[in-house]
1. Over all directions, the average projected area of the alpha-carbon convex hull for the chain comes to how many nm²?
2. Could you tell me which of Ile234, Ser29, Leu8 has its Cα farthest along the dipole of the chain towards the positive end, charges placed at Cβ (Lys, Arg +1; Asp, Glu -1), taken about the Cα centre?
3. What does DSSP give for the chain in terms of the percent of beta bridges that are antiparallel, rounded to the nearest 5?
4. Can you give me the relative contact order of the chain as a percent, contacts being Cα pairs under 8 Å and 6 or more apart?
5. Please list, or write none, the lysines whose alpha carbon is within less than 27 Å of the alpha carbon of Lys150, excluding same-chain residues fewer than 8 places away.
6. Go through His154, His227 and list them by solvent-accessible area, largest first, probe radius 1.4 Å.
7. How long is the gain from Lys165 to Ala53 if the chain were fully straight, where each residue apart is worth 0.36 nm and the alpha carbon distance is subtracted?
8. For the stretch 94-175, which trypsin sites (Lys or Arg not before Pro) pass both filters: DSSP loop (anything but H, G, I, E, B) and at most 15 other C-beta atoms within 10 Å?
Amino acid sequence: MILKDISLPTPQENILYDNVLLELAEQGSAGEALRFWESQELFIVLGRIGDPAVDLRVEKVLADRIPVLRRSSGGGTVLQGKGCLNYTLVLSKDRPEVQDLRRSYQFILGRVIAALKNLGIDAVSRPLSDIALTQNNKKISGNAQKRSKKFILHHGTLLYGFDLKKIEDYLTIPKDVPEYRQNRSHLDFVTNIPVTAAALKQETQRTFSVTQKTNQLSNAEKECLQHFLKLSNITLKLAV
């Protein structure tokens, strides 16, 4: 597996680059990958079927000119920015542990939880796709997937230094919430973990047995990304 520690300049590039990794793997010109990225710009990304009118405090989002994008995977709406480390996995379906959706979450989240344990963080998976602190059931990671013919694309977040108040500023409480949330507000439900991004990267890549590393896009990735940028309209236009 190759590690790609690559954060790109814009929200659109960061979201679409994950799709590039999946596309090239499906074509047979690339293989399994682990990517880390973090946005310096605050933006919102909705899952494949997320509804901005339901998920967002639209007037506040518009007033503060927060970009809103849509990703190709499922899952809920996420606020991105400094202090939110993203990890992306492109994994082959030749792996028995990722052929089934539920089992793939168990496998991937189990590896991330093991990495957190090595950093002194006691965490547990919560159905279907969250990681929470064992002590207080506060969420520290959300995850989503897109499953293609030969590979899966898995997205995950790890909160380590995020301005959590911003979540309440821009996102509503989802209609469908996991039972373990117990009607808690955003500020009562999510939390940061007291570790650095560098430590999270080091332990996570160790659990996924990285064999190569790069912080540069290949020529094929650059071409595919430019193609996606021209054809993919992932930025949403909001109206009150």
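1. Numbers: hull surface 49.0 nm².
If you wrap the Cα atoms of the chain in a convex hull and average its projections, you get 12.2 nm².
2. In the chain, that residue is Ser29.
3. Just about 75 percent of them are antiparallel.
4. Relative CO of the chain lands at 27 percent.
5. Here the lysines satisfying the reach criterion relative to Lys150 are Lys4, Lys93, Lys201, Lys213, Lys222, Lys230.
6. Details: His154 0, His227 95 Å².
Sorted descending by solvent-accessible area, the residues read His227, His154.
7. Full extension of this stretch gives 38.3 nm more.
8. Hits after loop and neighbour filter: Lys149, Lys150, Lys175.
The values are calculated or read from the model by the stated rules, or taken from the named source; none is laboratory data. Please read all numbers here as calculations on a predicted model, not as lab measurements. Every residue, glycine among them, receives a Cβ derived from its backbone with ideal geometry; neighbour counts consider all protein chains shown. Ligands, DNA and RNA are stripped out before the accessible areas are found, and what is left, the full protein with its side chains, is counted by its heavy atoms. Shrake-Rupley method; radii C 1.70, N 1.55, O 1.52, S 1.80 Å.
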